[in-house]
Amino acid sequence: MPRKPSKRSSKRGLKNKKFRSGSEVTVAEYLLTLGVAIKYETERIEYPVVTTRNYTPDFLLPNGIYLEVKGWFKAHDRAKHLRIKEAHPHLDIRFVFDNPNKKLTKAPNGKTYAQWCERHGFMYCKLSDGIPKEWLQ
């Protein structure tokens, strides 16, 4: 086995390539002495991050139905509600939209808030039409 290169305190090494630590410089130099071609931090690999967050519904009705009132229904809200539904499928969360026919994006053939709800199994209503009486029973 070839001799291990001496440790450097500098984070620079190998033709002024920047490394994040002196240990990385040492490993890079060691690999090169073995004739191993190296690539340093050339790839990006995605991975999911699992975190726990809290959701505070806008209203809880006496019958156990949650109402979420939305003027804007942004992408992060939609993703959040899908995660909530997955984690708590027994919860009955319903949306009250200012305008359920508003488009999610500016795309000409984009889906509306209502279509998103229908696709994902959420009930919704339009604020100006009032809360459906059957939701309140």
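The values are calculated or read from the model by the stated rules, or taken from the named source; none is laboratory data. None of these values were measured; they are calculated from a predicted model. Every residue, glycine among them, receives a Cβ derived from its backbone with ideal geometry; neighbour counts consider all protein chains shown. Surface areas here come from the heavy atoms of the whole protein model, side chains and all, with no ligands, DNA or RNA. Shrake-Rupley method; radii C 1.70, N 1.55, O 1.52, S 1.80 Å.
For the structure I just gave you, tell me whether residue 86 is at pLDDT 95 or above, out of contact with any Gly (no Cβ under 6 Å at 6 or more places or on another chain) and in a helix (DSSP H, G or I). Working first, answer last.
Numbers: at pLDDT 95 or above: no; out of contact with any Gly (no Cβ under 6 Å at 6 or more places or on another chain): yes; in a helix (DSSP H, G or I): yes.
Considered against the rule, which asks whether it is at pLDDT 95 or above, out of contact with any Gly (no Cβ under 6 Å at 6 or more places or on another chain) and in a helix (DSSP H, G or I), residue 86 comes out as no.
Before we move on, is residue 99 modelled with pLDDT of 95 or more, more than 21 Å from residue 63 (Cα to Cα) and either outside any helix (DSSP H, G or I) or open to solvent by 100 Å² or more (accessible area, probe 1.4 Å) (or both)? Spell out the reasoning first.
Values: modelled with pLDDT of 95 or more: yes; more than 21 Å from residue 63 (Cα to Cα): yes; either outside any helix (DSSP H, G or I) or open to solvent by 100 Å² or more (accessible area, probe 1.4 Å) (or both): yes.
So residue 99 passes the test.
Yes or no, residue by residue, for (1) surrounded by 10 or more Cβ atoms within 10 Å (Cβ to Cβ); (2) of a type outside the set (D, E, K, R); (3) over 30 Å from residue 17 (Cβ atoms):
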{"residue": "49", "(1), (2), (3)": "no, yes, no"}
{"residue": "54", "(1), (2), (3)": "no, yes, yes"}
{"residue": "75", "(1), (2), (3)": "no, yes, yes"}
{"residue": "82", "(1), (2), (3)": "yes, yes, yes"}
{"residue": "90", "(1), (2), (3)": "no, yes, yes"}
{"residue": "94", "(1), (2), (3)": "yes, no, yes"}
{"residue": "115", "(1), (2), (3)": "yes, yes, yes"}
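Can you confirm whether residue 85 is under 25 Å from residue 137 (Cβ atoms) and among the basic types (Lys, Arg)? Reasoning before the result, please.
Numbers: under 25 Å from residue 137 (Cβ atoms): yes; among the basic types (Lys, Arg): yes.
Considered against the rule, which asks whether it is under 25 Å from residue 137 (Cβ atoms) and among the basic types (Lys, Arg), residue 85 comes out as yes.
Can we say residue 61 is touching a residue at least 24 places away in the same chain (Cβ under 8 Å), touching a Gly at 6+ places or on another chain (Cβ under 6 Å), surrounded by 13 or more Cβ atoms within 10 Å (Cβ to Cβ) and of a type in the set (A, V, I, L, M)?
Criteria not met by residue 61.
Would you pick out the residues in segment 32-47 that are β-branched (Val, Ile, Thr) and either touching a residue at least 40 places away in the same chain (Cβ under 8 Å) or surrounded by 10 or more Cβ atoms within 10 Å (Cβ to Cβ) (or both)?
Correct list: 33, 38.
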